[in-house]
1. So which residues in segment 249-274 are surrounded by fewer than 10 Cβ atoms within 10 Å (Cβ to Cβ) and not in a helix (DSSP H, G or I)?
2. Looking at A237, A246, which one is assigned to a loop (DSSP other than H, G, I, E, B) and open to solvent by less than 100 Å² (accessible area, probe 1.4 Å)?
3. Of (1) outside any strand (DSSP E or B); (2) modelled with pLDDT of 90 or more; (3) hydrophobic (A, V, I, L, M, F, W, C), V192 satisfies all except one. Which?
4. Name the residues in segment 126-147 that are at pLDDT below 90 and of a type in the set (S, T, N, Q), would you?
5. Where residues in segment 141-186 are part of a loop (DSSP other than H, G, I, E, B) and acidic (D, E), which of them is least open to solvent (accessible area, probe 1.4 Å)?
6. Run C200 past the list (1) open to solvent by less than 30 Å² (accessible area, probe 1.4 Å); (2) under 20 Å from D97 (Cα atoms) and report the number of the one that doesn't hold.
7. Just to be sure before I move on: is L119 open to solvent by 30 Å² or more (accessible area, probe 1.4 Å), touching a residue at least 12 places away in the same chain (Cβ under 8 Å) and of a type in the set (A, V, I, L, M) in the structure I sent?
Amino acid sequence: MMSHKRCNRTKTSLRCVSIVFTTVYELEGRCLKYCVMESNVKYGDWKLQQLREELKKRGVKISGRKKELVERLVGLDNLGRTAAQILEPEYVMAVPDSAAYQDIHAGMSTIVKITQQRLIDYLHSNEKEYERKVEEMYIQRYVRFIRVADKDRLQFIRGSVWAEMKKNVSYNVDISIDKNAVIQEAQCDCAVGQGPTAHCKHVACIIYCVIQFGINKNIITEVTCTQRLQTFHHAKAYKGSPMKAAKLHDVRGHTSRYDPRPEAFRNQKCYPDNFRNAVINFQVCYPRCTIENRRKTHKETVL
């Protein structure tokens, strides 16, 4: 005899909502419990890179949003099987070796010329409309580099595009084109760029870059550090708050005040009054005489 009992305990988190089931078997008067429950690991607290590394270890495809990756891992834990038995491996393009690629330059004449209509048709075949954002990303120098290689009557384009919403993150793009300028395959490292028909904005931006090269024999890429003017000799902006000179002694911890006068003339009685009288008397006796004229007169008297 076998009975099923549903536990009232539920687990709710970012990953999903799961229910723990307990199956009770009765055999010869004894009760045997078999409990199927998910792992206690909270995948919702993991970073996206950690989720992808875990899925890669299990041999599952790693593309998709964070919610999809979390549900994929939770499903694997519930079933208790390896990834190879459940999901097919992620598609990866067969591309030439990295040494076969070379940077695009103005002297190249072997680059396949792609038209704007080819790009639009490729996006329409994947049920996506052409967006002006692709042109804006190209003008704003989101493209890091673009290289080309030939193999098996196909031309492979490899490029890298900066992420639009993330800092210091870039995605690698691979595209294969035949001699008739028809896009055969494409893949990207972003979440929606799984091959062989990747149609994200990063793929479209690289294709648009190739289109511009066919028209202008030049492309716009990011400005490298060697292309910028040196700024090490420029004065750095002072970010501190201004301070009066009278407070410098307190900041530096000086216990005494510096007095430039000879020691014999320091701390004399009635010194302020004597100094004031000397200034007033000088102005009265020599109303039209400046200090410079007094120096000249003194030199003439000495000579």
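The values are calculated or read from the model by the stated rules, or taken from the named source; none is laboratory data. These figures come from a predicted structure and were not determined experimentally. Note: ideal-geometry Cβ built from the backbone for every residue, glycine included; neighbour counts use all protein chains shown. For accessibility, only protein heavy atoms count, side chains too; no ligands or nucleic acids. Shrake-Rupley method; radii C 1.70, N 1.55, O 1.52, S 1.80 Å.
1. Of all residues in segment 249-274, those surrounded by fewer than 10 Cβ atoms within 10 Å (Cβ to Cβ) come to 250-253, 255-258, 260, 262-265, 267, 269-270, 272-273.
Correct list: G253, T255, S256, R257, Y258, P260, P262, N267, K269, C270.
2. Numbers: A246 fails: assigned to a loop (DSSP other than H, G, I, E, B).
Criteria check complete, one pass: A237.
3. All conditions are met except number (2).
4. N126
5. As a first pass, look at segment 141-186 and keep what is part of a loop (DSSP other than H, G, I, E, B): 141-142, 152-153, 163-169, 178-182.
So of that shortlist, the ones also acidic (D, E) come out as 152, 164, 178.
Numbers: D152: 122, E164: 64, D178: 29 Å².
Filtering segment 141-186 for residues that are part of a loop (DSSP other than H, G, I, E, B) and acidic (D, E), the one least open to solvent (accessible area, probe 1.4 Å) comes out as D178.
6. For C200, the exception is condition (2).
7. Values: open to solvent by 30 Å² or more (accessible area, probe 1.4 Å): no; touching a residue at least 12 places away in the same chain (Cβ under 8 Å): yes; of a type in the set (A, V, I, L, M): yes.
The answer is no for L119.
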